[in-house]
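The values are calculated or read from the model by the stated rules, or taken from the named source; none is laboratory data. Source: prediction; values computed, not measured. Neighbour counts are summed over all protein chains in view; Cβ atoms, including those assigned to glycine, are modelled from backbone coordinates with ideal geometry. Please note that ligands, DNA and RNA were not included when accessible areas were found on the heavy atoms of the full protein model with its side chains. Shrake-Rupley method; radii C 1.70, N 1.55, O 1.52, S 1.80 Å.
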Amino acid sequence: FNIYMSFMISGALELPADLLSIVGLNHLGRRWSSSISLFAIGITILPCAWLADHWEAQAVFAMTARFWATYAMNTGMQFSVEVMPTQLRGQGTALVNVMSMVSQMVSPYIVYSSVLSE
C-alpha cells in the first residue's frame, strides 16, 4: 500500500467528479443527483468493511466512494446556494464552505479516535 499513490489517485478523481456533477445537475436536477450520489457512496463504501484483508479491492471501493462523495458535496453546495435567501446568500455560502472544510479536516481524527481509545 503506497499512501502517496492513493493520495494522487484520489486527487485525480476530483476533476472528473466535479465535471460529472455539473452535467448531472443540469440533466438530472438536484434531487436525483443527490439521491444517486449518496446511494452510490453507500453501495461503494459498505464492502470496505468486509474487505479488510484485500487492500487492493478496498482501495478501489474507497476511491470510488471518494468520487461519489465529491459529486454529492458539489450537489450539496448547489442546494445551499439555492435555498438561502438573497440577503444571506454570500454569508451563508461562505459559512457552509468553511464548515464543510472544517468537517473534512476533523473527519480523520473522528474515524481514528476508536484506535486511540484502545
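Filter region 10-67 down to the residues that are in a loop (DSSP other than H, G, I, E, B) and modelled with pLDDT under 90, then identify the one that is nearest to Val81 (Cα to Cα). The selected residue is Leu13. Scanning region 23-68 for residues that are among the polar types (S, T, N, Q) and in contact with a Phe, Trp or Tyr (Cβ under 6 Å, 6 or more places away or on another chain), we see that the one that is most open to solvent (accessible area, probe 1.4 Å) is Thr44. Of all residues in region 40-62, those satisfying the criterion of being under 23 Å from Arg30 (Cα atoms) and in contact (Cβ under 8 Å) with a residue 12 or more places away in the chain are Ala40, Ile41, Thr44, Ile45. In the set (1) over 18 Å from the mean Cα position of the chain (by Cα); (2) surrounded by 15 or more Cβ atoms within 10 Å (Cβ to Cβ); (3) not basic (Lys, Arg), Thr75 fails one condition alone, (1).
Could you please find all residues in region 84-98 being at pLDDT 75 or above and surrounded by 10 or more Cβ atoms within 10 Å (Cβ to Cβ)? Hits for region 84-98 are Leu88, Arg89, Gly90, Gln91, Gly92, Thr93, Ala94, Leu95, Val96, Asn97, Val98.
Annotation: of all residues in region 8-22 being open to solvent by 40 Å² or more (accessible area, probe 1.4 Å), within 13 Å of the chain's Cα centre (by Cα) and of a type in the set (A, V, I, L, M, F, W, C), the one that is nearest to Ala65 (Cα to Cα) is Leu13.
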